[in-house]
Amino acid sequence: MDDLGSKSADNISTEMASVDHPVSTSSSSSNVSLCDLFWSPELESIIYWRKKEKSAMVFLGLFLFLLPLLYFSIVSVVSYFLLMILLNAIVFRIYKYALDVAKKTNEGNPFEKHLKKEISLPSDYIHEVVDVLIEKSIWMTTKLRSLLLVENFFESLKMAAVLWCLTYVGYWFNGLTIVLLSVLGVFTFPKFYEVNREKIDHYLLQAKKFIENSVCSVKQKLGFKRKEQ
């Protein structure tokens, strides 16, 4: 009886511990990247130009929205952009109304099917995105602290080289130009890589081997100098 009582007490205590300290699911979310959350077959078809009309519309819309920002404020660009959409919608609505009057029909609002579409975001998806953003922010802050405080001398040296190169990038281009080039790259490089995958992979492998050999030789020389000292 005492053994049974002790076993039941142990079972109750373990169940209480499992309730008070639930199993963390951060390990599963740590394997999820932002690309995994936002990537979808529809987005892939647009980027890889599998639906050429939709890809052209998205690309031109982004490009025509970002290009005026080089010369005008974002408030003016957004206002004119929305005004252009509104005027086109009003003209189209008047055109459809005139056709209904001429044909003596009543088709109603031509945008009715779009107005009836429900706009919503799943709460689980929002929580997942927020969790991943927080986790990546913590990881980035920790990594940045490690690099800036020279926890690993070689890694900090590489960061210094990258930052030095970025100063020249900032001198040649402003932030908006980089965004424009990024949009252009998103709609060109993936398709270019898909078409020329074998050749690009071959050259990338050669470049990777060259960089790895160079890094190993530098590390060996630094280690040899330290031993001499």
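The values are calculated or read from the model by the stated rules, or taken from the named source; none is laboratory data. Keep in mind that this is a model prediction, so the values were computed, not measured. We place every Cβ from the backbone using ideal geometry, glycine too, and count neighbours over all the protein chains shown.
Have a look at F153, F173, F210, F189 and point out the one that is exposed (fewer than 10 other Cβ atoms within 10 Å of the Cβ) and not charged (D, E, K, R).
F153
If you check Y168 against the conditions, is it surrounded by fewer than 10 Cβ atoms within 10 Å (Cβ to Cβ), in a helix (DSSP H, G or I) and modelled with pLDDT of 85 or more?
Here the answer is yes, as Y168 does meet what is asked.
Quick one: W49 ticks every box in (1) touching a residue at least 40 places away in the same chain (Cβ under 8 Å); (2) assigned to a helix (DSSP H, G or I) except a single one, so which number is it?
(2)
Name the pairs whose Cβ atoms lie under 6 Å apart, with the first residue in region 113-142 and over 18 Å from S40 (Cα atoms), the second modelled with pLDDT of 85 or more, and 6 or more positions between them or separate chains?
none
Any residue at all in region 186-200 that is hydrophobic (A, V, I, L, M, F, W, C), free of Cβ contacts under 8 Å to residues at least 24 places away in the same chain and over 30 Å from L62 (Cα atoms)?
Looking for residues that are hydrophobic (A, V, I, L, M, F, W, C), free of Cβ contacts under 8 Å to residues at least 24 places away in the same chain and over 30 Å from L62 (Cα atoms), one finds none in region 186-200, hence no.
Taking region 101-145 as the region of interest, how many residues are farther than 29 Å from W39 by Cβ, of a type outside the set (D, E, K, R) and surrounded by 11 or more Cβ atoms within 10 Å (Cβ to Cβ)?
3
Might you check whether a residue that is in contact (Cβ under 8 Å) with a residue 40 or more places away in the chain and closer than 30 Å to L184 by Cα occurs anywhere in region 85-92?
no
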